[in-house]
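All remarks here apply to the structure that follows.
What follows is calculated from the coordinates using simple rules that are stated; it is not laboratory data. Keep in mind that this is a model prediction, so the values were computed, not measured. Counting neighbours? That spans all protein chains shown, and the Cβs are built from the backbone with ideal geometry, glycine included.
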Amino acid sequence: MCLQSRALATILATFWALAGINASADSTGLTQLPTAQNYCLAAQRVLARTQLDMDLVVHEDFNRFVKSKAIINGPDGRPQIQQFNWLDADGKVLGISCKLKNTDHLNLTFGAGSAGPDLPCQEMNRQVLGLLSAQLGPSAFSTYRAVIFDPDESPGNPETRGMTGPEWLKPHLLAYVGTANGGQELHIVSKGFIVEFTDPRFNKAPDRFRGVHYCHFIAPGQLEKLLTGGSEPPISVGRNPTADDLATTTGLGSR
């Protein structure tokens with residue numbers, strides 16, 4: 001990142017955090033910090049800008065999470081999304097992975113204006129930081145002079161994003177300290193991709209593989225620890241999936 005871009009990113013990150021701005025400018029933005037057990041429901045509302053009711057499955061087993069899909073018609077007739085929490089050695093949540101529905105599939109199913117437009121994964125991290133900053137006050141920036149949201153979320157080749165699931169799952173950084181300005185900048189990383197349901201490149205793929213938005217997030221509690229000096233970066237999550245992990249299942253939903 002060039003000096004000018006870095007300076008702008010620093011200013012904007014600090015401004016968003018201190019002001020607690022809801023960039024979506026509507027009622028789908030965060031008003032309170034989500035818990036580890038409902039995080040992906042909150043992320044779905046924020047990133048797809050939707051008020052649609054959805055069901056959430058929180059997986060404790062990585063293999064089951066890998067095989068799961070975000071589907072438009074779950075067992076109770078509502079969209080069903082998927083979540084996996086990455087834990088440290090003490091059982092504390094480091095990061096959260098979400099398999100969400102994207103806006104074009106929601107609008108196609110529930111009517112135009114039901115959702116959208118899609119926002120990047122980092123928008124959820126920004127809004128969480130805004131709420132934490134309001135809660136912590138000046139101490140939110142006592143450890144780091146600024147928080148930088150790294151803009152590149154792609155886990156692989158954007159031309160083959162429908163096949164980037166294994167790349168998305170691999171180990172990666174969620175947070176690290178930048179070397180500029182004496183190493184006093186905390187970088188937050190997100191990793192995600194969208195496969196639009198109406199993308200003609202994937203119209204032969206099963207429906208359950210389309211109309212999705214996958215994201216990795218830093219857990220709110222972990223971000224708070226980083227801000228207040230209770231934890232030190234780097235923070236990493238992810239796992240190299242095995243062949244068994246990646247073996248597909250029939251899944252639910254016909255659309």
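Observations
- Length released on extending from ALA36 to GLU232, taking residue separation times 0.36 nm less the Cα-Cα span: 68.5 nm
- Partners of LYS101 within straight-line reach, counting lysines whose Cα lies under 24 Å from its Cα and excluding those fewer than 8 residues away in the same chain: LYS67, LYS69, LYS170, LYS191, LYS204.
- Cross-link reach is defined here as a Cα-Cα straight distance under 13 Å, omitting same-chain residues fewer than 8 places apart; for LYS92 the aspartates and glutamates meeting it are GLU224.
- A simple count of charges around LEU87, restricted to other residues whose Cβ falls under 13 Å of its Cβ and scoring Lys, Arg +1 and Asp, Glu -1, yields -2.
- In the range 22-109, the trypsin sites (Lys or Arg not before Pro) that fall in loop regions by DSSP, at most 15 other Cβ within 10 Å: LYS92
- Annotation: Cα Rg of the range 3-246 relative to the compact-globule expectation 2.2 N^0.38 Å equals 0.99.
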